[in-house]
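Let me begin by presenting the structure, written as C-alpha cells, before commenting on it.
The values are calculated or read from the model by the stated rules, or taken from the named source; none is laboratory data. The shown structure was predicted, so the numbers you read here are calculated from the model rather than taken from an experiment. Because the Cβ atoms are built from the backbone with ideal geometry, glycine has one as well, and the counts that use them run over all protein chains shown. Protein only, heavy atoms only, side chains kept; ligands, DNA and RNA dropped before computing areas. Shrake-Rupley method; radii C 1.70, N 1.55, O 1.52, S 1.80 Å.
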Amino acid sequence: MKFIRRKTLATASTVALGVGLAVTGGLAPASAAGPETTFLVLAPQGASTDRAVARAKAAQGTVVAAYHQIGVLVVRSTNPDFTRQVAGAGVDSVASTAGLGTALDEGETVELTGPAPSGADPTGEPLFGQQWDMPMINVPQAHAVTTGSPDVVVGVLDSGISSSHPDLAGQIAREKSASCVGGVPDTTEAAWNPTTSDHGTHVAGTIAAAVNGVGVTGVAPGVKVAAVKVVNDDGYIFPEAAVCGFLWAAEHGMQLTNNSYYIDPWQLNCRNDARQRPVWQAVQRAIRYSQGRGVLHVASAGNSNYDLAHKVVDTGSPNNGTPEVRELTNACLVLPAEAPGVVTVSAVGPTGAKSYYSSYGQGVVDVTAPGGDTRFRTEGARSTSTDGILSTTFNVVTRTNGWGYKQGTSMSGPHATGVAALAASAHPGTNPGQLAAFLERTADPVPCPAGVYNPVPLLGSSYDATCSGGARNGFYGAGMVDAHEAVR
C-alpha cells in the first residue's frame, strides 16, 4: 500500500490590482490570442456584478458562471492582457486560476481479497468486523438510537461518487448532485460519477454506506449524500470548482459538506499577498454565504505533519518553478480548513494516537477522528493495510465497485461529518454554529502525549511533533468525535 502523502501543486500567478484600462466604446483593443485561461473576477463586496460582467466582456472574456449572491464571476479568456484590461470601476480584484489547483491527497486503494467475514455487526454488515474505526467512535451504540434522517443531506465535495455501488446507490441524493469542475454545475449523472479517482466514493461510504447486509456500514447510513464533484481528471481542485461547490450546497438544501482537499495556490494562502488574496476572498465569500444558508463545512487538517498554529517559513512554493523563501504570518492559511466556521479534523490510528502524517495545531484542529495509520503502530512493530480505513471503492480502470482501505485526514474528516449528520438528525433545526459547538462538546477529550511525539522513530525526526494545550489541544482539538454522545 502506498502511504498517502501531501501532493501540492502550488504556483504563483500574477494578479493586477492597479488602475484599470479605460474602456471606450464598450470594447478593449483586441489582443493576440493566447491559451484559454480561467479567471475569478470579484465585484466589490455587496455590490452588483453588472459592471464587472460588462468589463469582463469588454476585456474579451466569456462569463461562464456568475455567482451574483457573492459577487464572483468565473470568466474564461484567451486575451493575455485580460487581467489588466478588466481592472477598474466595478471590479474589486481579479486572479488567474491557471496553475492554482491542488492535487488531491490520495493513497492507493488496497482491495479486499478472500472470503468476506460475516456476523460481526449486530446490523448484519459482513465487513463490519474490519471496521475498527466504527467502534472507536461508538457507532454501534449510536445506531441503536438512530441511523440518521433522510432529510439530512451531506454534500461530498470530492472526486464524485459511484452511483452504481451496492452500498451507495440508494444513499445518493441524485437530484442534488452535480459536477462543479470548471466552476459551472453539470447535473448529468455521468458528470458527477468518478472518472479517474475513487476518493469521493470512499469518503461517501464512511459517511453513509447503507445498512443492507452488503459490505460496510457508514457512520450515518440513514442520511443522504450528494456528489458535488470538484476534482478534475488530473486530480486537481481549482478555486472556481470549490466556489461552485459551496454555492451549490447552499442553494440545494444541504446541511453539511465534507471537504477532504485544499484550495491553496501555494502551500499556504496568504491574504496579505496580492497574488493570492482574490482566491481567498472568493472562497471566503462562498463559505460565508453557504453558512448563512445553514451549511456546516467539515475539512481535513492535512497529511503533512505540519503545525498549522506555528507557521514560520515556506521554502517549497511554488513547486512549478523556482521556490521562494517566504516568511509566514497569521495571514497565511490553509483553505478551507482554516476558514472561519469550518470544523477542522485531525487523524488517529487504531491505537487512538495521532497518525504519523496528520497535521495539527492548537486553535486550528477542532476535533479528531479515525483516519488510519498503516506505517507503524509502535516502535519496530510494523502494521498492515488493515490499519487503514475500510470503505467503498470504485476501480476506475475496470469500472467495478468494491471495498478497500485508504488512510489520511481525508478519511478522518468524513467520520466527523457522519457524526455531525447524526447530530443534525437527532437535533433538527440546529444551525451551523450550534452544530459545530455540539460536535466539539460531545467529543471525548484526548490528552497530549508527553514530550516530542514521533510514532515512526526508525525514520528519524521527519515525523517529530509537539502537542500543546490541555483538555483542548493541538493534536486532538476538543477530542475524539463520539457518535453515541451526539445522538443521546
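Here's a check for you: in region 57-101, which residue that is in contact with a Pro (Cβ under 8 Å, 6 or more places away or on another chain) and of a type in the set (S, T, Y) is nearest to D273 (Cα to Cα)? Here the residue is S93. When region 373-401 is filtered for residues that are modelled with pLDDT of 95 or more, of a type outside the set (S, T, Y) and open to solvent by less than 20 Å² (accessible area, probe 1.4 Å), the ones remaining, listed by number, are I389, L390, F394. Being open to solvent by 20 Å² or more (accessible area, probe 1.4 Å), basic (K, R) and modelled with pLDDT of 95 or more is a property that R441 has.
Cβ separations smaller than 7 Å between residues 6+ apart or across chains give the following pairs from region 60-78 residues that are more than 18 Å from E36 (Cα to Cα) to residues that are outside any loop (DSSP other than H, G, I, E, B) and open to solvent by 40 Å² or more (accessible area, probe 1.4 Å): Q69/Y289; I70/Y289.
Entry remark, region 49-66: residues being in a strand (DSSP E or B) and either modelled with pLDDT under 95 or crowded, with 22+ Cβ neighbours inside 10 Å (or both) number 1 in total. Criterion applied to V452, V487 was being in contact (Cβ under 8 Å) with a residue 60 or more places away in the chain and β-branched (V, I, T), and the one residue passing it is V487. Evaluate region 182-192: report whether one residue or more is assigned to a loop (DSSP other than H, G, I, E, B), in contact (Cβ under 8 Å) with a residue 12 or more places away in the chain, out of contact with any strand residue (DSSP E or B) (no Cβ under 7 Å at 6 or more places or on another chain) and surrounded by fewer than 24 Cβ atoms within 10 Å (Cβ to Cβ). No, region 182-192 has no match at all.
Are any residues in region 273-302 closer than 13 Å to Y67 by Cβ, surrounded by 23 or more Cβ atoms within 10 Å (Cβ to Cβ) and not aliphatic (A, V, I, L, M), and if so, which ones? Scanning region 273-302 gives a single hit, S290.
When the strands (runs of 3 or more DSSP E) confined to region 203-313 are screened for residues that are basic (K, R) and touching a residue at least 12 places away in the same chain (Cβ under 8 Å), those reaching at least 1 such residues are found at 224-229. Scanning region 450-470 for residues that are assigned to a loop (DSSP other than H, G, I, E, B) and farther than 21 Å from H415 by Cβ returns A450, G451, N454, V456, D464, S468, G470.
Being at pLDDT below 95 and either exposed (fewer than 14 other Cβ atoms within 10 Å of the Cβ) or polar (S, T, N, Q) (or both) holds for only one residue in L17, L21, L9, L27, and it is L27.
For region 254-275, the set of residues classified as modelled with pLDDT under 80, of a type outside the set (D, E, K, R) and under 19 Å from V313 (Cβ atoms) consists of P265, W266, Q267, L268, N269, listed by residue number.
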